[in-house]
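Presented below is the structure to which this report refers.
The numbers here are math on the coordinates, done by the rules we state, and not lab data. In this text the structure is predicted, and so the values were computed from the model without any measurement. Don't worry about glycine lacking a Cβ; one is built from the backbone with ideal geometry, like all the others, and counts go over all protein chains shown.
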């Protein structure tokens, strides 16, 4: 089973399959014979990708855990006494690994531990700023 949330591109012979996570806009040549369902369905003869979504830029940060909000899936890094120096990461339980790279859970982490976080470069304008963590490795 593929758990990649950003989509995939796969080839089988002369046929390419693109999941909708990669594509914003397509042109299609399809049959005029359609079902009467909502939405109607028809056979496609040709699908041409017109515009692809931009790739997510990824950054890596190293810091100390300030606090953990396991109930809401947040991990805070920075100075625990200064909210202006903190960053809030949105995490899931499949995001974590120990120093050897073996999977661990959010409950295995404690405040003041050093972590390496691979995350999106975009963040909210809130205090503390919030972004998505793709991977958190305990150091």
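Below, the figures for the structure above:
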quantity	calculated
Span from the segment 105-139 Cα centroid across to the segment 36-89 one, whole angstrom	12 Å
Least to most buried among 97, 108 (fewest other Cβ within 10 Å first)	108, 97
By average C-beta atoms within 10 angstrom, highest first, the peptides 25-35, 121-131, 59-69	59-69, 121-131, 25-35
Pairwise Cα inverse-distance average, inverted: Kirkwood Rh of segment 58-138 (Å)	12.4 Å
Length gained when the stretch residue 92-residue 107 is fully extended (0.36 nm per residue, less Cα-Cα span)	4.3 nm
Label-point separation, residue 127 to residue 67 (7 Å along Cα→Cβ), nm	1.5 nm
Residues 110, 116 arranged by fewest to most Cβ contacts within 10 Å	110, 116
